[in-house]
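Worksheet: one structure, shown below.
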Amino acid sequence: MLKKGLFLSLLLLCFGGMSDPGITFNLENLRNQKESLSDHLGKGPILIDFWATWCKPCVKALPKINALHKKYAKQGLVVIGINEDGVRSKPKVKPFVKSMGIDFTILFDNNSEVMRKFGAQSLPTTVLLSPEGKIIETHSGYSANGLKKIETKIVDMLQEKASD
Amino acid sequence: MNSKIIIALIIAPLFSVLPTSSFAQLRLNTLSNFRIGELPNSNAAAATTYYSDALLEYRHQFIDFGLRVEGYVSPNMKSLIQPRDNKFQKITQRFAQINWAWGNARIGNLYGLFGRGMIFRAFELPGFIYESSIAQKQHRVIRDVDGAKLAVNWRRFSITTLGGRIVNPLIAPDDKLRNFGNVNGGQFEANLGFGAAVGTAYLQHKTETVESKLSTYFAKWSADALLDRMSLNDFTFDIYSEYATDKGYAKLAALTPKDPHAFYFSATTTWKKTGASFEYKDYKDFNFEINDPPPVIRENQEKLLNRATHVLDAVSEKGAQLELFYSPTWFTRFTANFSRAIDERAVTGRPKFAENYLAFEYTGDKISSKFFVDSGKDELFSEIKRFTTGFLPDYSLMNDATIGLDIQWQYIRKVGNRGAFDYRIYNTYAAFKFQNWRALSLSISMERSNDPDLTDDLQVNKKEYFFNTSIGWRPMPQVNLLLFAGKRRGGTACDHGYCIELLEFNGMEFRVETQW
């Protein structure tokens, strides 16, 4: 009973006019430093790629996503790769990333909690966020055409940003 | 309950300092699984079943809350332990979470991880539906805690504290045995700068019969910043080490006078296109069913290898693993993995595990392929020799479609203690796959085995065949339909380091997944 009361009290408090930092996360990068989504907000569109080393389509997509990062980073695109290998395969990820020449930020989602938060059900999943952190589009699976559509959307968002 | 009130009192003042913006999201994920057929190695002759899972999550301003309902019914299937009414419908998760820029608080069902899972890991295995051969009820594989959690990240420090009731993920939601006692604990981590961090965690786990008082200490260092300063930008180097002990009941029950302990160490280095990682483990009396120490065994995704994954015995296992990685171009990769382990608990000697894995992958725009060879042994499971090889090519057609083959072959020699048996087992797997990511997928597969566990033929002459086909269709981005027909082999399946036993099935299955 007390538990239910506490639960409801918290809910009511939350509807009391407070507001929100968007979907948040605070994950470790390849250098053991914590990075949160809020560190990247306001710069430009944010492309989040959920991937794993064992996932064949993810590996196929990584060089293409890296190319997007190289092409549009200067204009404000932020690319974040969220690795889903899990804590048990963590030591294998950095050699993979470095040898593949991946330049964008890689973060470890050790317990897949961020993946769940974004509602991603399968790998790879790419999520395009507005500069404020709002989800614009979610794509599951890899396809060259799908990635082209994401690129078109990114270009639109960058042009919009430039014209503001 | 007291811990939850304390957490609520702590977070209440934080409402006044939360940042402002405004958007709300409502999300609904559903899964429905209809099945008509039989479970050949179970006590049920026929199985017409329906399983459904719905997860509703709502995000408004700075709060998430969610509700998960799972249901299962099998009108004509009676299990041994529940012969009359083999069904359930239950709210299996409900939670509210408050997020702010430097942390979150959650009440209800929650997940968590301390260190690298040495003393605690609560998680969900996405996509898996589990069914035990005894209870014969389908449900999600979720090991969560029903309680409260507070996580705070402040400058260089992060603190997590949690408490509540933990469940056994392999027991159906309506079964009282699912309750696996209470956990209370926390983790503190401090970033020392220069890529170094230290941390400690404590967890008390109490059931009616067992009390564990687990503590762990970990340290990690990434030398990248230092190497950059020395103009050695092509190099990276990282180490991680963790040591955990139990001062509770397990210590009293331990066979050795030493404290139950677990030690894990990893070192990773990369140089240009080459990388290497080394891991070492030494676990003694450290299997608590609420933790997941790193197994230091490669979890391969190839079908035959995944089924043969060595399952860690944290009660007594020592070992090491070395993985080498070389990617001369972005489209070619070589992976070599060498794993060794020894079990010191077994009554009959000290069974050894060994695995050598070598793979080459090519990922081009049109053609991709993977070739692997794997050899090893797992004496704990009487496997004195195992060899597996496979070739997985695929070709991209027009309009985002791909066709692919998956051909694998495996030889296992199993010899019983004092020559009780000597089996030479051959497994063959072949599949043709067509996939158009946007709309349609088709898979036709065949598996053949003379494993006496399947054929009941101790002379290993008889062969068992598994033919099946599956068709996937995504009529709209939010809906995924999957139809399976044929015979599916059971056995061990591992994902994210957690292995479960899947049951064999013969029949038709129709799965509908939606995401709104």
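Please treat every number below as a calculation from the coordinates, not as lab data. Note that the coordinates shown come from a computational prediction; the quantities given were computed from them, not determined experimentally. Glycine also receives a Cβ, built like all others from the backbone with ideal geometry; neighbour counts cover every protein chain displayed.
Once both labels are positioned 7 Å from their Cα atoms along Cα-to-Cβ, the gap between B:Asn168 and B:Ile342 label points is 3.3 nm. In the frame of its principal axes, the protein assembly as shown has Cα extents of 75, 59, 56 Å, reported largest first.
Take B:Arg413, project a point 7 Å from its Cα along the Cβ direction, then tell me which residues of the range B:355-384 have their backbone nitrogen under 13 Å from it. Residues B:376-378, B:383-384 fall inside that zone. Given R₀ = 25 Å, what would the calculated FRET efficiency be for B:Leu177 paired with B:Thr492, taking r from the Cβ atoms and rounding to 0.05? With a Förster radius of 25 Å, E is 0.65.
About the centre of its Cα atoms, the range A:64-162 shows a dipole size close to 300 debye [charges on the beta carbon of Lys, Arg (+1) and Asp, Glu (-1) only; nearest 20 debye].
Using just its DSSP H runs of length 4 or more, each adding -39500 (n - 2.57), chain B gives a mean residue ellipticity at 222 nm of -1500 deg cm²/dmol after division by all residues. Full extension of the chain between B:Leu458 and B:Phe235 yields a length gain of 74.8 nm, computed as 0.36 nm times the residue separation minus the alpha carbon distance. PRE reach from A:Asn145 (point 7 Å along Cα→Cβ): which of the range B:394-412 fall under 12 Å by backbone N? Of the residues in the range B:394-412, B:397-402 have backbone N under 12 Å from the label point off A:Asn145.
For B:Lys87, the lysines whose Cα comes closer than 16 Å to its Cα, not counting residues fewer than 8 places off in the same chain, are B:Lys78, B:Lys137, B:Lys176. Given a Förster distance of 22 Å, report the FRET efficiency between B:Lys247 and B:Tyr280 from their Cβ-Cβ distance, rounded to the nearest 0.05. Rounded to the nearest 0.05, the efficiency is 0.40. Stretched out straight at 0.36 nm per residue, the stretch from B:Leu227 to B:Leu28 would grow longer than its current Cα-Cα span by 67.0 nm. Its Cα centre serving as origin, the range B:422-508 has a Cβ charge dipole (Lys and Arg +1, Asp and Glu -1) of approximately 580 debye. In this simple spin-label approximation, B:Lys90 and B:Trp271 carry label points 7 Å from Cα along the Cα→Cβ vector, and these lie 5.5 nm apart.
Shape class for chain A, computed from the alpha carbon gyration tensor (a ≥ b ≥ c): oblate, with a/c not under 1.5 and a/b at or below b/c. In this simple spin-label model, placing a label point 7 Å from the Cα along the Cα-to-Cβ direction at both B:Tyr58 and B:Arg448 gives a separation of 5.7 nm. Placing unit charges on the Cβ atoms of the charged side chains and taking the dipole of the protein assembly as shown about its Cα centre, the candidate lying farthest along the positive direction among B:Ala151, B:Gly66, B:Tyr498 is B:Ala151. What shape does chain B take by its C-alpha gyration tensor, where a ≥ b ≥ c are the square roots of the eigenvalues and a/c under 1.5 counts as rounded, a/b above b/c as prolate, and the rest as oblate? Rounded is the answer for chain B, as its axis ratio a/c remains below 1.5.
Please give the Cα centre distance for the range B:157-185 versus the range B:432-453, rounded to the nearest Å. Each part's Cα centre sits 37 Å from the other's. Within straight-line reach of A:Lys148, meaning a Cα separation under 16 Å, sit the following aspartates and glutamates at least 8 residues removed in sequence or on another chain: A:Asp49, A:Glu137, A:Asp156, B:Asp365, B:Asp400. What whole number of Å gives the distance from the Cα centroid of the range B:341-374 to the Cα centroid of the range A:95-136? About 28 Å separates the Cα centre of the range A:95-136 from the one of the range B:341-374.
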